[in-house]
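Asker: One structure coming up, written as structure tokens, with questions to follow.
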Amino acid sequence: MAGFLVSTSALWAEKHALVIGNAHYQATVPLPNAIKDAELVGKALKSAGFRVFVAKDLKRQELLRAIAEFKVAAHEAELVVVYLAGHGVQVAGETYFLATDSPKLDADWLASAIPVGAIAKALSDKVRHKVLFIDACRTPIDNADMSKLSPLARGVEAGTFLSFAAQPGAAAFDGADENGPYAQSLSAALVNKDWDLNQIDRKVRLEVMRLTGGTQVPWSQSSMVLPLILN
């Protein structure tokens, strides 16, 4: 990883966002729009007052290091947002994000994948709001070695909101245009002033369903205890 491309906003230093786009995979098909999607959502988050860290095409160790460095940079943040664009799969109800050096989806791939729940838990080192937008497929893998499931993959802390580009067990479209439908919809919703997270979630769901003819349905999971306005 060459490092973060950092955008800052002194006014809202307590709001930090990590945006990752993985497009060029070594063992599976590339995702032409993933980096463009990350850039689009990153710009929307910056306009909403976030200090944004952007990283692209990360191998597993680079991805883990990016999360660790972001955790340090966002130590004082009251709100953290993570957006991930790339390949994803689902095993035993948990969604996994794939690094660019993930092997083919055989029995050994699980050890190199990153469970979304583990990312949320890593950012739960203090009491704060944690919002994860996962722009990746959730297609199930039947031949995964269940003994390699991370214990961090089970459950999330209070104050966590997970937004997935697709419903459980379904694919998320990369998009035929410059950007995928989830990134398009999310970036448009994020810039609305005074919208709470539930409003953004509903708007994104409706717009993605419209763009895909109802075949892709964004899904969310929340342990939020208070309303949250992102912009």
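Bear in mind these aren't lab numbers, they're just calculated from the coordinates by the rules spelled out. Note that the structure is predicted; figures quoted are calculated from it, not measured. All Cβ positions, glycine included, derive from the backbone under ideal geometry; neighbour counts span all protein chains shown.
Asker: Students often get this wrong, so check it: of 46/126; 15/126; 121/193; 15/36; 126/193, which have C-alpha atoms separated by over 20 Å?
Answerer: 46/126; 121/193; 15/36; 126/193
Asker: Hey, another quick one. With the dipole of the chain worked out from charges on the C-beta (+1 for Lys and Arg, -1 for Asp and Glu) around the Cα centre, which of 169, 230, 188 lies farthest toward the positive end?
Answerer: Farthest towards the positive end: 230.
Asker: Expressed in nm to one decimal, what extension gain is obtained for the pair residue 65 and residue 194 from 0.36 nm per residue of sequence separation less their Cα-Cα distance?
Answerer: Gain in length upon complete extension: 43.1 nm.
Asker: Can you tell me the equivalent ellipsoid semi-axes for the chain? Use √(5λ) from the Cα gyration tensor, largest first, whole Å.
Answerer: Three semi-axes, in Å: 24, 20, 18.
Asker: For the chain, give me the percentage of DSSP beta bridges that are antiparallel, rounded to the nearest 5 percent.
Answerer: The antiparallel fraction comes to roughly 35 percent.
Asker: I've got another one for you. Going by how many other Cβ atoms sit within 10 Å of their own, how do 200, 141, 20 line up, fewest first?
Answerer: Ordered from fewest to most neighbouring Cβ atoms within 10 Å, 200, 141, 20 come out as 141, 200, 20.
Asker: Turning to a different aspect of this structure: Among 24, 75, 129, what is the fewest-to-most ranking by other Cβ atoms within 10 Å?
Answerer: Ordered by Cβ neighbours within 10 Å, fewest first: 75, 24, 129.
Asker: Here is a further query. Output the relative contact order of the stretch 5-222, whole-number percent, from Cα pairs under 8 angstrom with separation of 6+ residues.
Answerer: Worked out over the stretch 5-222, it gives 21 percent.
Asker: Could you work out how much longer the chain between residue 228 and residue 126 gets when fully extended? Use 0.36 nm per residue separation minus the Cα distance between them, nm to one decimal.
Answerer: Extra length from residue 228 to residue 126 when fully extended: 35.0 nm.
Asker: Now a separate question. Starting from the stretch 58-105, pick out the trypsin sites (Lys or Arg not before Pro) whose DSSP state is loop and whose Cβ has at most 12 other Cβ atoms within 10 Å.
Answerer: 104
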